[in-house]
Amino acid sequence: MVTFLEKISERAKKLDKTIALPETEDIRTLQAAAKILERGIAKVVLVGKEEDIKALAGNLDLSKARIVNPETYERKDEYVQAFHELRKHKGVTLESAAEIMKDYVYFAVMMAKLGEVDGVVSGAAHSSSDTLRPAVQIVKTAPGAALASAFFIIAVPDCEYGSDGTFLFADSGMVEMPSVEDVANIAVISAKTFELLVQDTPYVAMLSYSTKGSAHSKLTEATVAATKLAQELAPDIAIDGELQVDAAIVPKVAASKAPGSPVAGKANVFIYPDLNAGNIAYKIAQRLAKAEAYGPITQGLAKPINDLSRGCSDEDIVGAVAITCVQAAAQDNK
Ligand code: COA
């Protein structure tokens, strides 16, 4: 069977996108860059010092990569000025902007902001916050998006639920304590992301420990309110809640616990009430159900800036780059 990532990689090859990789001091980045270039998935910008990159790369073929050193780049002053303009309301002076632009992740994100690359993949050697903070500070949210959030694509082997065992989990990586409005917005954008990446109809379950009023508390009320708002925001998308996971995916349980629901029994997009739930759930699926977990992937940013897990392999980086290319192309079409 063709995997999710193989399909995405094939799509990326047709898009001719350019992705910046700032973690050039990590060999996995360079190994991934060599594979991306060899397979023709994307053009690559490596942010760093040419001599250091070449020394670390050894025999890897990076001849087709563009290497940009933030300290000697001819557009350096323009970058510093642009960052200062963006952040001066937060007290960032020209001097501190110059210091921050020496940081490879910040610099790469600014390359995306200024249109020199289509997206950025980072996080093999940085915490999620170190990758996501420059993203929300510099590229900010896409037009029409209320906030940025992060999701995982979860592909469970031999699974009859969801979209042939494929699901989107959100938010599982970014927004710690979302408001009712945040959860509703995350649900709507996740449905669109699922359609883009998995190319199947989204059925969005607003998850809870309660199904259709089986329990009542502040927690369940928040999910009910988020469901109502999400349905108002996107009346054409199948969104329902509050649902427990079994009612969301198992037709028999759905028939008894949530009869008549347009989502129960066939959900493929799982929306969690907070980051604790979303992050715990994806790791359970990954470790106990032996699911492939692709992410965290961001959505709602004006340019795709994607995070990696620090335990990632070079192949994981290749996959994240392919996903980033597909997201970038979707933004071109808006
Ligand atoms: N969407 C859009 N904008 C956001 C945002 C979001 N989800 N979160 C923060 N911002 C904005 C803020 O409004 C702020 O704007 P401004 O400075 O222009 O006024 C800017 O981004 C920076 O905010 P700041 O307060 O410096 O960042 P933060 O401390 O809120 O951190 C994250 C933002 C994304 C880094 C933070 O939410 C985070 O660390 N999330 C958890 C990530 C994590 O650990 N995941 C692990 C699981 S994989």
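Using 27 Å as the Cα-Cα cut-off, could you pick out the over-long pairs in 192/266; 43/90; 212/290; 113/290; 7/43; 102/303?
Too far apart for the 27 Å limit: 43/90; 212/290; 113/290.
For residue 166, which sequence-distant residues (separation of 5 or more, or a different chain) have an amide H within less than 5 Å of its own amide H, given hydrogens modelled in the peptide plane?
Residues meeting the amide H criterion: 156.
Using only Cα atoms, locate the centre of region 300-334 and the centre of region 151-201, then give the distance between them in Å, rounded to an integer.
15
Summarise the accessible area of region 113-167 (1.4 Å probe, protein heavy atoms) by the percent that is carbon and sulfur.
C and S fraction of accessible area: 43 percent.
For residue 35 and residue 99, compute 0.36 nm times the residue count separating them, minus their Cα-Cα distance, and round to one decimal in nm.
Full-extension gain reported as 19.8 nm.
Provide, for q = 0.10, 0.13 Å⁻¹, the log10 of I(q)/I(0) from a solvent-free Debye sum over equal Cα point scatterers in the chain.
Evaluating at q = 0.10, 0.13 Å⁻¹ gives log10 I(q)/I(0) of -0.59, -0.93.
With each pseudo-label sitting 7 Å past Cα toward Cβ, what's the residue 233-residue 27 distance in nm, one decimal?
In this crude label model, residue 233 to residue 27 measures out at 4.4 nm.
So which trypsin sites (Lys or Arg not before Pro) in region 11-115 end up in coil per DSSP with only 11 or fewer other C-beta atoms within 10 Å? Don't skip to the end; give the middle numbers.
Details: sites: 11, 13, 14, 17, 28, 35, 39, 43, 49, 54, 64, 66, 75, 76, 87, 88, 90, 102, 113; in loops: 14, 17, 49, 64, 75, 102.
Sites meeting the loop and neighbour criteria: 14.
In whole angstrom, how far apart do the alpha carbon centroids of region 206-274 and region 1-65 sit?
If you average the Cα positions of each part, the centres end up 40 Å apart.
Starting from the Cα-Cα distance between residue 215 and residue 315, subtract it from 0.36 nm times their residue separation and give me the gain in nm to one decimal.
Between residue 215 and residue 315, full extension yields 31.6 nm more.
Using square roots of five times the C-alpha gyration tensor eigenvalues, list the equivalent-ellipsoid semi-axes of region 209-334 in whole Å, biggest first. Don't skip to the end; give the middle numbers.
Numbers: eigenvalues 180, 72, 38 Å².
Semi-axes from the Cα gyration tensor: 30, 19, 14 Å.
When the accessible area of region 218-321 is computed with all protein chains present and a 1.4 Å probe, what percentage of it is carbon and sulfur?
It is 57 percent, rounded to a whole number.
Accessible area per residue for the chain in Å², computed with a 1.4 Å probe and the full protein assembly in place, what is it? Intermediate values should be presented prior to the final figure.
On the way: 15200 Å² over 334 residues.
On a per-residue basis, 46 Å².
Please sort by residue number the trypsin sites (Lys or Arg not before Pro) in region 238-302 whose DSSP state is loop and whose Cβ has at most 16 other Cβ atoms within 10 Å.
Counting only loop positions with at most 16 other Cβ atoms within 10 Å, the trypsin sites (Lys or Arg not before Pro) in region 238-302 are 290.
From the phi angles alone, apply the Karplus equation (6.51, -1.76, 1.60; θ = phi - 60°) to region 185-190 and give each ³J(HN,Hα) in whole Hz, x where the residue is Gly or Pro.
Coupling constants for region 185-190: 5, 5, 4, 5, 5, 5 Hz.
Once the cut-off is 25 Å, how many percent of the Cα-Cα pairs in region 60-187 end up in the long-distance tail? Before the final figure, lay out the partial values.
Details: 3341 of 8128 pairs.
Percentage above 25 Å: 41.
The values are calculated or read from the model by the stated rules, or taken from the named source; none is laboratory data. This one's a predicted model, so the numbers in the text were calculated from it and none came from an experiment. Note that we place each Cβ from the backbone using ideal geometry, even for glycine, and neighbour counts take in every protein chain shown. Heavy atoms of the whole protein, side chains included, go into the accessibility calculation; ligands, DNA and RNA do not. Shrake-Rupley method; radii C 1.70, N 1.55, O 1.52, S 1.80 Å.
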